[in-house]
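Presented below is the structure to which this report refers.
Derivation of every value follows stated rules applied to the coordinates shown; laboratory data play no part. All of these numbers come straight from a predicted model, not from anything done at the bench. Counting neighbours? That spans all protein chains shown, and the Cβs are built from the backbone with ideal geometry, glycine included.
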Amino acid sequence: MKYITYCFIILSVLWTQTLAAESTMILKPFTTDGCSWFPDGTFENHQLWRECCIEHDKAYWRGGTYKERQAADQQLAECVASNGKPNLGTLMQAGVRVGGSPFWPTPFRWGYGWPYLRGYQALTAEELAAVNALAYSLEPAFYLAGLDRQLKNKDNPVLTLAFTELAKNFTEYQVALVSVDKGQEYSDIMDVYWGKDEIVIKFEYQGGTRLTLTHFDKTNSIAQGSYPISLPVIGTSLVDVMLKFNQDGTAGGYWTNMGFENGFSIIKKKAPVSLTTALNQLVKNPDQYQIVLTNVDDEQEHCDIRDIYRGKQDVVINFKYRGETRLILTNFNETNATAWGSYPIQLPILGSSTVRVELKFNADGTASGFWTNMGFEDQFNIINKISLPKR
């Protein structure tokens, strides 16, 4: 029996080398059956670790070296363990080690995106380009059949269209929610996919969380679901969400948790803002802007801008505040359209002190942010000057 096994392996290696000598193989579109011959979750949560299996399928689909396969199997075990099932993760890892060999003629073998008997091979530059081109562009299309089965409604196809847009272009969307203590928060959407009975929206909130939509009202284009959050003292709690969707994938609604509720929306990301463009707007038209800040006494003060000019490495904004002062911006992040700086103030008894400022700019030159000084902080904004009607 051992002799037969060795012969099979040798023939497989020779055949693999023959294939490698041929022209670049054609990569098949990505497919996944979740956890294959293993359950996707528990009786209570049928999809608990399905996402782990899909990520594992992505790695097996693309294939590669023996070490890459080992790493993919280890990541599967860690992912399942992160869902509270460490022993099950170890068991699944052992299962795929045995059943996932590239030499088995199974639809879930290592490198199943390539022709059979490719074996273990590092991807060439051309093959890697093919993988990168197909990995995410074809995955949403794979799920569309399942989505259509769940949501297709000839009278009102809004949910189908909305989730199709989200799945294909999730990187263009954000979750915008109003939290209990931090106000408006924006979280990028990391992924959108669906299982047998639900839609999952992964977004960057509290390090990363998943909104699972399980109830759908096709007539009114409404979807309902929940996501977990971690609360001090209390621990994990579920936040319930209701969303009314538009055809373009955006949605408006609210969240509820422990007697609290507030806004929860899915919006399209704003176009990237050029910090240079925003600052140019300010420098060219300083008289069109005002600084509005909230002082220690919680009073809002409107301060006219007298002048704005550029130095070699800074931007100086002269504005009318306690006589006249200068905000000097010295640090800039073009990618996030953010600038930092400071201005001096005179305090009773204490004398001179420095106020730190952080501002995130909009394309029109306006900006929102905050000031900090001696343990205090509050809002600091640049707005378009308000024209008051003449008396």
- Starting from the Cα-Cα distance between Thr219 and Thr335, subtract it from 0.36 nm times their residue separation and give me the gain in nm to one decimal. 37.6 nm
- Message: What does the extension gain come out to for Ile26 and Thr277, with contour length at 0.36 nm per residue minus their alpha carbon separation?
- Response: 85.8 nm
- Query: Tell me, what is the FRET efficiency for Lys269 and Met374 to the nearest 0.05, using R0 = 22 angstrom and their Cβ-Cβ distance as r?
  - Reply: 0.05
- Can you list the HN-Hα couplings for segment 59-64, worked out from phi with the Karplus curve (6.51, -1.76, 1.60; θ = phi - 60°), rounded to whole Hz and with x for Gly and Pro? 5, 5, 4, 6, x, x
